[in-house]
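Values quoted throughout were computed directly from the atomic coordinates according to the rules given, and no laboratory measurement underlies them. Nothing here was measured: the structure is a model prediction, and the numbers come from that model. A quick note on method: Cβ atoms are made from the backbone with ideal geometry, for glycine too, and the neighbour counts reach across all protein chains shown.
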Amino acid sequence: MTTDATVTPHGYAYDNDQPSARRHLSALARALDDFTIGRLHHLGLAGKRCLEIGAGGSEIAVWLAAQVGPAGTVVATDLKPRHIGAHPRLTVLRHDITTDPLPDGPFDLIHARLVLMHLPQREQLLAVLAAALAPGGVLMVEDWHATADAVVLDAATDDDRDLFTAYQRAVNQRVFQAAGSDPQWSLRLHQQMRLAGLHDVDTVINAPVWHSGSPGLILALTAIAEHRDRLRDAGLTDADLTRVERLLISSDGGLVVRGHQLYSVSGRKP
Ligand SMILES: C[S@@+](CC[C@H](N)C(=O)[O-])C[C@H]1O[C@@H](n2cnc3c(N)ncnc32)[C@H](O)[C@@H]1O
């Protein structure tokens with residue numbers, strides 16, 4: 001076991017126990033839940049057994065609990081489940097998907113959004129999730145394709161454009177990739193689902209545009225709150241980070257950004 005304190009621990013780079021977590025998870029929900037619900041709503045969920053992995057603070061687990069009705073069940077898991085909502089048909093579990101056995105299945109629907117991309121064991125975990133499906137069951141995995149290249153569509157000044165680009169690059173590399181996240185995993189998901197033996201594999205890509213003050217850019221604040229030291233190591237000064245915060249938060253910040261594309265990939269167990 002290493003004792004080198006400079007090695008970044010692998011896994012999800014943020015922490016649901018931090019003060020910034022509620023704002024972060026709520027921004028994710030506002031940015032993505034409508035799209036995800038649009039993907040799930042046609043599945044015919046009444047009476048189904050559902051598993052939501054790494055539920056965070058999204059509304060998806062509670063929404064599923066309402067959809068499955070009295071004959072269905074929903075289990076929602078998270079490493080730190082304190083932000084998951086409540087519903088009479090929802091069971092919430094503290095659970096580490098990289099080490100703990102899955103809750104008892106099989107399941108008619110398993111959904112994981114923005115979890116596998118952060119976990120180095122993602123390929124194996126996909127196979128574990130596929131194996132936990134009942135015949136006819138659906139696995140839906142949604143992950144971002146995260147890039148900092150040419151993402152700024154408009155900014156008040158060239159300095160703002162360059163600063164945001166440098167910031168986004170530092171977050172992607174020093175915070176997420178350093179912790180083992182794979183920003184390209186989403187591009188392999190469709191094939192991985194097929195190789196896991198799933199049929200009818202289907203990919204839909206959500207391509208948002210984020211303006212200053214919108215939930216997508218509010219998300220980018222969390223790296224400053226939780227990993228200021230790593231951003232400083234990347235060459236960003238405290239004055240830079242204060243300017244970035246203004247660009248992200250204020251509705252008149254003038255920043256317009258091509259947001260991360262969300263790859264929503266589903267497959268059905270034969
Ligand atoms: C980026 S957030 C996504 C939250 C939610 N799925 C959403 O899309 O709004 C990642 C979530 O996965 C959880 N997580 C990270 N590692 C995990 C693990 N090994 N097992 C279970 N959950 C984990 C985190 O605690 C966090 O709530």
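Extension gain, Ser251 to Arg94, is 52.8 nm, computed as 0.36 nm per intervening residue step minus the present C-alpha separation. Here each label is just a point 7 Å from Cα along the line to Cβ, and for Ala127 and His41 those points are 3.7 nm apart.
Between the C-alpha center of the stretch 30-60 and that of the stretch 196-217 there is a gap of 14 Å. In this Cβ point-charge picture (+1 for Lys and Arg, -1 for Asp and Glu), the stretch 1-135 has a dipole of about 340 debye about its Cα centre. The order of His227, His211, going from fewest to most other C-beta atoms within 10 Å of their C-beta, is His211, His227.
Which of Leu195, Leu102, Leu248 has the fewest other C-beta atoms within 10 Å, and how do the rest follow up to the most?
Leu195, Leu102, Leu248
Once the Cα-Cα distance is subtracted from the 0.36 nm per residue extended length, the Gln173 to His190 segment shows a gain of 3.7 nm. In a fully extended conformation the segment linking Arg228 and His199 would gain 6.1 nm over its present Cα-Cα distance, using 0.36 nm per residue. Rounded to the nearest 20 debye, the dipole magnitude of the chain is 660 debye, with +1 charges on Lys and Arg beta carbons, -1 on Asp and Glu beta carbons, and the Cα centre as origin. Overall dimensions of the stretch 21-268, expressed as equivalent-ellipsoid semi-axes from the Cα gyration tensor (√(5λ), whole Å, largest first), are 34, 18, 17.
Please report the base-10 log of the normalised intensity I(q)/I(0) for the stretch 56-185, using a Debye sum with one equal scatterer per alpha carbon and no solvent, at each q in 0.10, 0.16 (1/Å). With no solvent term, the Cα-only Debye profile gives -0.44, -0.89. Scaled against 2.2 N^0.38 Å for its residue count N, the alpha carbon radius of gyration of the stretch 175-226 is 1.57. A Förster distance of 30 Å, applied to the separation of the beta-carbon atoms of Ala207 and Ala71, puts the FRET efficiency at 0.20.
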